[in-house]
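Only one structure is covered here, and it is reproduced in the block below.
Laboratory data are not the source of any read-out in this text; all were calculated from the coordinates shown. Everything numeric here is computed off the predicted structure, so don't read it as measured data. We place every Cβ from the backbone using ideal geometry, glycine too, and count neighbours over all the protein chains shown.
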């Protein structure tokens, strides 16, 4: 099955403001290939990187940073990488989900469906998740550079481009805080 992404080039591109957080007890800025990959994709697409942080696998430290970024008016999307597996230290979904006002279950479902074609049944070990908080999109991705690349190239680059038709997440940004 081939999926065709329709890009409406008659619309002017709208850059989106991103923060990137890597959850890891062992990665540093020098060794964070997944964070580097996401930042490269963000910039190549013409978006803006507001901030990048590496935080240990500690739910309180992750939550404090997420709260800070969610409150910032200049942050549209938070991309997290790492800590989405099943081990005792993998607490990223729990940290992210406690902030969701609305979850986006289709993101994790679609990621695992696409991932199945690449890694087979091992995809069940991914607890990739997404949601919305205070008008900010939050995406928690696995820690492997390949998984981050796949999430970006197969889902995020399209949904975070306002030119994608028939619809995309960018055009919803102004309406996320409607009551």
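As an exercise, use a Förster radius of 35 Å and the Cβ-Cβ distance of residue 12 and residue 98 to find the FRET efficiency, rounded to the nearest 0.05. The computed FRET efficiency comes out at 0.45. For region 1-31, the residues whose amide N sits under 14 Å from a probe point set 7 Å from the Cα of residue 48 along the beta carbon direction are 14-19. Between residue 30 and residue 172, the simple label model (points 7 Å from Cα in the Cβ direction) yields a spacing of 4.1 nm. Here the extension length gained between residue 112 and residue 71 equals 11.8 nm, from 0.36 nm per residue of separation less the Cα-Cα distance. Highest GNM mean-square fluctuation among 88, 35, 146, for the chain modelled with Cα contacts below 10 Å: 88.
I need the fraction of alpha carbon pairs in region 6-96 separated by more than 16 Å, rounded to a whole percent.
Working: 2325 of 4095 pairs.
Across region 6-96, Cα pairs with separations above 16 Å total 57 percent.
Panel order for 19, 167, by other beta carbons found within 10 Å of each beta carbon, from fewest to most: 167, 19. Over the chain, with a single point scatterer placed on each C-alpha, what log10 of the ratio I(q)/I(0) does the Debye formula yield at q = 0.09, 0.19 1/Å? Here the Debye-derived log intensity ratios amount to -0.29, -1.38. Over region 100-179, the hull volume per residue, using the convex hull of the C-alpha atoms, is 94 Å³.
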